[in-house]
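Only one structure is covered here, and it is reproduced in the block below.
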């Protein structure tokens, strides 16, 4: 079991905050966010961690020295192509893997190996459309619904079994065409969503305040305040 962490994005919605510091390394309660994620993974026995970088890639260079088992993989075309190409840099290591967005903030350690491929979900308090996995009576995800309904929605972490990872890897080359990579609205997640009937994916709903997404400056300040309050 290993982890792939997506940390290539520009973080443009953070404006000046991410001119010299990648958003995945912004401090939360005094600790760079990605360091907290890696420590949680290590506590759960996951030492093989592949960080897929792009923007400000050099700022991650200290992590392999701090955390043995961390390996960096740079996407030189992060500004040109969408994150399908970033994921491609880690594709050889995709096998019984957690896949984590680098700007996901974990207040609790949720990294216990599921029995099968899993979308970790949460009911969001904010308004707006989200990707919501829909399951059948047996708990198998059969549809991804994009909706503003208050349904359990995808978070920035998934888990993929060896069997499902191999199926995804088998079709990955179909998504490496220039026109698909240039689509800024394309995400690696589109690939498993397109083949849900061939995969065995379930969901695990996380409790509120166990995980946050740091997409904007406002998110960042909100999370900082949450962590500050929890320290009292």
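The values are calculated or read from the model by the stated rules, or taken from the named source; none is laboratory data. Quantities reported herein were computed from a predicted structural model and do not represent experimental measurements. When we count neighbours, we look across all protein chains shown, and the Cβ atoms used for this are built from the backbone with ideal geometry, even at glycine.
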* Return the only residue of 117, 135 being at pLDDT 95 or above and more than 29 Å from residue 34 (Cα to Cα). => 135
* To do: Sort out which residues of segment 1-22 are in a helix (DSSP H, G or I) and on the phi > 0 side of the Ramachandran plot, and write them in order of number.
  => 15
* Only one residue in 5, 49, 28 is crowded, with 18+ Cβ neighbours inside 10 Å, within 19 Å of residue 215 (Cα to Cα) and within 17 Å of the chain's Cα centre (by Cα), so which one is that? -> 5
* Structure fact -> If we take segment 128-232, then helices (runs of 4 or more DSSP H) inside it with 1 or more residues that are closer than 23 Å to residue 25 by Cβ are 217-231
* Give the number of residues within segment 187-207 that are modelled with pLDDT under 95 and either closer than 12 Å to residue 171 by Cβ or within 15 Å of the chain's Cα centre (by Cα) (or both). => 0
* List every residue pair whose Cβ atoms lie under 8 Å apart, where the two residues are 6 or more positions apart in sequence or sit on different chains, the first residue falls within segment 57-81 and is without any contact (Cβ under 8 Å) to a residue 24 or more places away in the chain and on the phi < 0 side of the Ramachandran plot, and the second residue, located anywhere, is outside any loop (DSSP other than H, G, I, E, B) and exposed (fewer than 12 other Cβ atoms within 10 Å of the Cβ). => none
* Structure fact -> Of the listed residues (113, 177), the one being touching a residue at least 12 places away in the same chain (Cβ under 8 Å) and either surrounded by fewer than 17 Cβ atoms within 10 Å (Cβ to Cβ) or within 16 Å of the chain's Cα centre (by Cα) (or both) is 113
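Yes/no per residue for (1) in a loop (DSSP other than H, G, I, E, B); (2) touching a strand residue (DSSP E or B) at 6+ places or on another chain (Cβ under 9 Å):
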| site | (1), (2) |
| --- | --- |
| 46 | yes, yes |
| 65 | no, no |
| 81 | yes, no |
| 95 | yes, yes |
* Could you figure out which of (1) in contact with a strand residue (DSSP E or B) (Cβ under 9 Å, 6 or more places away or on another chain); (2) modelled with pLDDT under 95 isn't true of residue 102? => (2)
* Structure fact -> Expected single match for surrounded by 14 or more Cβ atoms within 10 Å (Cβ to Cβ), more than 22 Å from residue 222 (Cα to Cα), in contact (Cβ under 8 Å) with a residue 12 or more places away in the chain and in contact with a strand residue (DSSP E or B) (Cβ under 8 Å, 6 or more places away or on another chain) among 155, 118 is 118
